[in-house]
């Protein structure tokens, strides 16, 4: 690069032969004294070394010589000023290149170096060459760093030392030496050329902005150094980081052309900082919908507070994606679970509040709540220290009055809980390598359609995905792997849970989960669970099994279809009902369990695949369909595929309605059930009343509430063996358990019938 060639910039001063009226004895500014007709200066036309030369008698302590023409200075352009000098007589002076740095209005730029290296003349007649390089950037070899404030200069030399000496000076030369410093000026702009210092102390924001403005499509180079940027910086062009930047939390670095995590890692060097700064830019950037991690792994030493990285936003609702990388938890005490015990009061009338909470300041938001009458996956959604109140994500089923509660704050690798609301956020193709040190993702307390897809949640210590509030509304989890850290433990000793939800409309699809305490607790309604494989067995003979899928809402309105439920079961509870006894509503209703594979091995005989667990009396089944499933037990039979867990209460089986259980297959299941159940009965001796026992063949050991048909197999005969053609009638819900029905004939008869029995009312 040479500006004299490319831009026609005139650099070379006029020769002395053209006249001394353009050579100043001052700083070269207009109006300063010149050497024209000066007593101590003369032009020598035929010097043996120089040809034409200026002969100058030193009369001042610093004898100045400045060209009065304005030599243009451009950012990124470096000039070398050269002078050849020899002593003729008298005292021997010291010689140096010097110049006047001028602003656009002609004023002097203060605080910059105005002279180059000095050299003392030692011998008369010896030609000595002095030079200095002037430019905007503080780069190796630059003698006079003038920054971007100087737009032109008056250049020449200084004679210092004793007066009285006579010297001759050859024509001064100025040349563009930019190519010495820049590898390829046609493709690259260096931030140092615009005043960047890179010492970690000076604010280089303005220099970075100027470099971006000047780049015009070229790559911006950030050379080695630590560049402090106190303000927002946007690069519209490609940026190459050889050094790194330091920014306050609130300042945004936006790399529009290379918006990816590897570029941010180059910029900040620290991987965690880079990830958070890239996330900050993602939420402050209208040009990109996604942050590509570039396949990089980020070592994480503590919870990533995602909201703290974006201090200007407490909520966000524009679709954004983080994809294609790995987050790995490093060994650190920052992952330690915070445990606080406090006393508090609970009242079912204000079902999502704990009041009179002692030590509330130390209770962390997002902590798991444990105590008597507290269901699973109850979290602190928010707190009010002034009023000593905690807001919960869900009600408690039996915790009236004062008691001691334990609060456990699990540490999550990626924590969105600082946002008041976060919607339409996607994490895709990411492995959360928790290493049994931390949990993976903590959702915001509110928001719509968080989407986790094609991700691995590997070995979380406590939880995979945690919802402490309503940030799971409409959540989508697709094709994810949840890999437990508790594989080696027996089922009763496992504590980790892959995910929980509190809100409605969750879609859990095509995932795989291994050996957690529970795969998922879904507390909202209208969920769709399809195509998942979750397994939770161990090698203990007659071992217990835990629930794989927990539906924690009585009126669940959920669809569970096409899943592989392996050595675990589906549990349906109302443990988040503050008044769990049935008073009104639909009770346990609106659930479809269809076309799933249920498999178990080495389990206790009382194990069942579908368990209803009411936490209060009076509940019943309403609008439940269990169809097309495959139930199979290996290495031992089980009693039945479905049952009621009566730990807290039984179902009111007299009130069941619209229950469909048909088309299922049973292998190594002793009691095979159906509704309607076809029961064959033979009456060997004549009787008016045939007592038919359903013998547990109705779902959930239901009551014989209805029958749809009585079909005779052959003739119905009296005591004389004469066929009878009378119609019987049927009475239902007979016997001590109401699981019998009576077929009543006009006269005593015998024979064989099939009865289509129902355990529900239409």
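The values are calculated or read from the model by the stated rules, or taken from the named source; none is laboratory data. None of these values were measured; they are calculated from a predicted model. Heads up, the Cβs are rebuilt from the backbone with ideal geometry, glycines too, and the neighbour counts pull from every protein chain shown.
In region 695-720, what residues are outside any loop (DSSP other than H, G, I, E, B) and out of contact with any strand residue (DSSP E or B) (no Cβ under 7 Å at 6 or more places or on another chain)?
Let us first name the residues in region 695-720 that are outside any loop (DSSP other than H, G, I, E, B), namely 699-701, 706-712, 716-717.
Within region 695-720, 701 is the sole residue that qualifies.
Would you confirm whether or not region 564-578 contains a residue that is assigned to a strand (DSSP E or B), buried (at least 24 other Cβ atoms within 10 Å of the Cβ) and over 36 Å from the mean Cα position of the chain (by Cα)?
No, region 564-578 has no match at all.
Could you list, in sequence order, the residues of region 654-673 that are outside any strand (DSSP E or B) and within 24 Å of residue 604 (Cβ to Cβ)?
664, 668, 672, 673
Residues are listed down the side, and each one gets a yes or a no for (1) without any contact (Cβ under 8 Å) to a residue 24 or more places away in the chain; (2) buried (at least 17 other Cβ atoms within 10 Å of the Cβ); (3) closer than 30 Å to residue 47 by Cα:
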| position | (1), (2), (3) |
| --- | --- |
| 133 | no, yes, yes |
| 169 | no, yes, yes |
| 187 | no, no, no |
| 190 | no, yes, no |
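Could you list, ordered by first residue, the pairs with Cβ atoms under 7 Å in which the first is in region 618-640 and on the phi > 0 side of the Ramachandran plot and the second is buried (at least 17 other Cβ atoms within 10 Å of the Cβ) and not in a strand (DSSP E or B), at least 6 apart or interchain?
Pairs found: 618/582; 628/664; 635/602; 636/602.
How many of the residues making up region 38-51 are farther than 13 Å from residue 65 by Cβ and out of contact with any helix residue (DSSP H, G or I) (no Cβ under 8 Å at 6 or more places or on another chain)?
Total meeting the criteria: 9.
Only one of these conditions is not met by residue 411: (1) under 25 Å from residue 519 (Cβ atoms); (2) without any contact (Cβ under 8 Å) to a residue 60 or more places away in the chain; (3) touching a helix residue (DSSP H, G or I) at 6+ places or on another chain (Cβ under 6 Å). Which number is it?
All conditions pass for residue 411, except number (2).
Taking region 82-115 on its own, how many of its residues are surrounded by 15 or more Cβ atoms within 10 Å (Cβ to Cβ) and in a loop (DSSP other than H, G, I, E, B)?
The number of residues fulfilling the criteria is 7.
With the requirement that a residue be assigned to a loop (DSSP other than H, G, I, E, B) and modelled with pLDDT under 95, what does region 536-552 give you?
Pass one, region 536-552, residues assigned to a loop (DSSP other than H, G, I, E, B): 536-542, 544-546, 552.
If the condition is that a residue be assigned to a loop (DSSP other than H, G, I, E, B) and modelled with pLDDT under 95, then 537, 538, 539, 540, 541, 542, 544 are the ones that fit.
Could you grab me the full set of residues in region 369-405 that are assigned to a strand (DSSP E or B), closer than 23 Å to residue 573 by Cα and in contact (Cβ under 8 Å) with a residue 60 or more places away in the chain?
379, 380, 381, 405, listed by residue number.
One residue is enough: does region 528-535 have a residue meeting the conditions over 26 Å from the mean Cα position of the chain (by Cα), at pLDDT 95 or above and either crowded, with 24+ Cβ neighbours inside 10 Å or not in a strand (DSSP E or B) (or both)?
Taking region 528-535 and keeping what is over 26 Å from the mean Cα position of the chain (by Cα), we get 535.
Retained after the next criterion (residues that are at pLDDT 95 or above): 535.
Subset that is either crowded, with 24+ Cβ neighbours inside 10 Å or not in a strand (DSSP E or B) (or both): none.
No, region 528-535 contains no residue that is over 26 Å from the mean Cα position of the chain (by Cα), at pLDDT 95 or above and either crowded, with 24+ Cβ neighbours inside 10 Å or not in a strand (DSSP E or B) (or both).
Given the conditions (1) within 42 Å of the chain's Cα centre (by Cα); (2) outside any strand (DSSP E or B), report the number of the one that residue 600 does not fulfil.
Failing condition for residue 600: (2).
Within 14 Å of the chain's Cα centre (by Cα) and crowded, with 22+ Cβ neighbours inside 10 Å, is that true of residue 300?
It is true that residue 300 is within 14 Å of the chain's Cα centre (by Cα) and crowded, with 22+ Cβ neighbours inside 10 Å.
Name the residue that is farthest from residue 674 (Cα to Cα), counting only residues in region 738-762 that are outside any strand (DSSP E or B) and touching a helix residue (DSSP H, G or I) at 6+ places or on another chain (Cβ under 8 Å).
The selected residue is 738.
Determine, yes or no, whether residue 639 is farther than 23 Å from residue 527 by Cα, touching a strand residue (DSSP E or B) at 6+ places or on another chain (Cβ under 7 Å), modelled with pLDDT of 95 or more and in a loop (DSSP other than H, G, I, E, B).
Answer is no for this residue.
Could you tell me which of the residues 118, 150 is in the same structural domain as residue 61 (by TED's automatic domain parsing) and part of a strand (DSSP E or B)?
118
Residue 38 - would you say it is without any contact (Cβ under 8 Å) to a residue 24 or more places away in the chain, surrounded by fewer than 16 Cβ atoms within 10 Å (Cβ to Cβ) and part of a loop (DSSP other than H, G, I, E, B)? Spell out how you get there, then give the answer.
Numbers: without any contact (Cβ under 8 Å) to a residue 24 or more places away in the chain: yes; surrounded by fewer than 16 Cβ atoms within 10 Å (Cβ to Cβ): yes; part of a loop (DSSP other than H, G, I, E, B): yes.
Here the answer is yes, as residue 38 does meet what is asked.
Restricting attention to region 406-438, report how many residues are assigned to a strand (DSSP E or B) and within 13 Å of the chain's Cα centre (by Cα).
Residues meeting the conditions: 13.
If a residue has to be in contact (Cβ under 8 Å) with a residue 12 or more places away in the chain and not in a loop (DSSP other than H, G, I, E, B) to count, how many in region 474-516 make the cut?
19
When region 1-51 is examined, which residues are found to be under 60 Å from the mean Cα position of the chain (by Cα) and modelled with pLDDT under 95?
Within region 1-51, 1, 2, 3, 4, 5, 6, 7, 8, 9, 10, 11, 12 meet the criteria.
Considering only strands (runs of 3 or more DSSP E) fully contained in region 168-236, which possess at least 3 residues that are touching a strand residue (DSSP E or B) at 6+ places or on another chain (Cβ under 8 Å) and under 30 Å from residue 69 (Cα atoms)? Steps first, please.
Values: elements: 173-176, 188-190, 199-203, 219-222, 226-228, 233-235.
Correct list: 173-176.
Working only within region 439-452, note down all residues that are closer than 20 Å to residue 290 by Cβ, more than 14 Å from the chain's Cα centre (by Cα) and not in a loop (DSSP other than H, G, I, E, B).
Correct list: 447, 448.
Taking the condition surrounded by fewer than 21 Cβ atoms within 10 Å (Cβ to Cβ), closer than 30 Å to residue 618 by Cα and in contact (Cβ under 8 Å) with a residue 40 or more places away in the chain, does residue 693 pass? Please lay out each step first, then the result.
On the way: surrounded by fewer than 21 Cβ atoms within 10 Å (Cβ to Cβ): yes; closer than 30 Å to residue 618 by Cα: yes; in contact (Cβ under 8 Å) with a residue 40 or more places away in the chain: yes.
Yes.
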